[in-house]
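Since every read-out is calculated from the coordinates, none of them should be taken as a lab result. Small disclaimer: the values here were computed from a predicted structure and weren't measured. Here the Cβ is made from the backbone with ideal geometry for all residues, glycine too, and neighbour counts use every protein chain on show.
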Amino acid sequence: MPVDDWSAVELDRALPEQPCVMGGNISAQSLLNAYRNGFYPLPTDDPDTAEENEVRYSDLVDSGNIRIMPTEHPLGPYATRWWNPDSRPVIAPNEAHLSKTLRRLLRNTYDWTTTADTAFAQVVDACAAERQPPWLTGSLKTALLELHEQGWAHSVEVWSGAELIAGVFGIAFGSVFSIDSTFHTVNDAGKIAFADAQDRLSGNPGVLLDLQWPQHYLGSLGAHWKSRTEYLGTVGDIDARVAFSTDRRPAARLAPAAVSVPRSKQSGKN
């Protein structure tokens, strides 16, 4: 399968809130190259969805706002949409935020633990099960698993005992961990997965969590928005892998108890 040249895609005619490319191929190397250039896919194996995409986007293809890439997909180029948003939410180092209520629950109620890269395939499958229409196709899963084996794709898991209750997965390189999807089966656990990912990346100075899609809760987690140009300027050395610590840790560490300050020091008195 050929590897697409994503660096050659010109984005000056791309429209906000629209895909930038249709077609292309999903292999491990092509997917990694796409992420390094800010692209991520929403493929389908459903003929009706591919037909709907053609009806919806063909005018933008004809006008040059969306580029068509050669593809080997049996449903043709409209089976795969590639996005590269003009603005995307990110969480900067040490800026992950949990509400006071959630921090209190972590300390006093939730006896959860977290890991990384312990159940990658299980996290991907759980994310796929929640998404309609399904976009985690067989070819995309295969590429992600290959990238995981190569050290490019990672997952963070949240556990209640032996039960996996939340997780996130994505591709990490240079100064970016680009999170593809998340799932949770227990309230608040998904937020813990994001916060844990950011905490585990603290040994990689400057690494951003790229959250890709705007979601209503992201602002509460400390997310802010970067333009496409700003984002691409932060990715750093695209050949560098990001180091993830994978040990099991208590989730409560993400909500340390506040340190009380003596009243005399608060007032500046000796």
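Tabulated data
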| read-out | value |
| --- | --- |
| Most positive-pole-ward Cα, Pro43, Tyr57, Gln212, against dipole of the chain from beta carbon charges | Gln212 |
| Candidates Asp199, Asp12, Asp188, ranked by Gaussian network fluctuation over the chain, Cα under 10 Å, top entry | Asp12 |
| Given charges at beta-carbon only (K, R positive; D, E negative), |dipole| of the chain in Debye | 2000 debye |
| Rg and Dmax [Cα atoms of the stretch 98-166; Å; Rg one decimal, Dmax integer] | 14.7, 43 |
| q = 0.15, 0.16 Å⁻¹: log10 I(q)/I(0) that the Debye formula gives for the chain, counting C-alpha atoms only | -1.10, -1.23 |
| Sum of -39500 (n - 2.57) over DSSP H runs of 4+, divided by residues of the chain (222 nm, nearest 500) | -8500 deg cm²/dmol |
| In Hz, Karplus ³J(HN,Hα) per residue of the stretch 13-18 (6.51, -1.76, 1.60; θ = phi - 60°; x = Gly, Pro) | 9, 5, 9, x, 6, 9 |
| Under-26-angstrom lysine pairs by C-alpha in the chain, whenever the two are 8 or more apart or on separate chains | 4 |
| Gyration tensor over alpha-carbon atoms, the stretch 79-119, equivalent ellipsoid semi-axes in Å | 31, 18, 11 |
| The stretch 86-233: proportion of alpha-carbon pairs further apart than 20 angstrom, % | 47 percent |
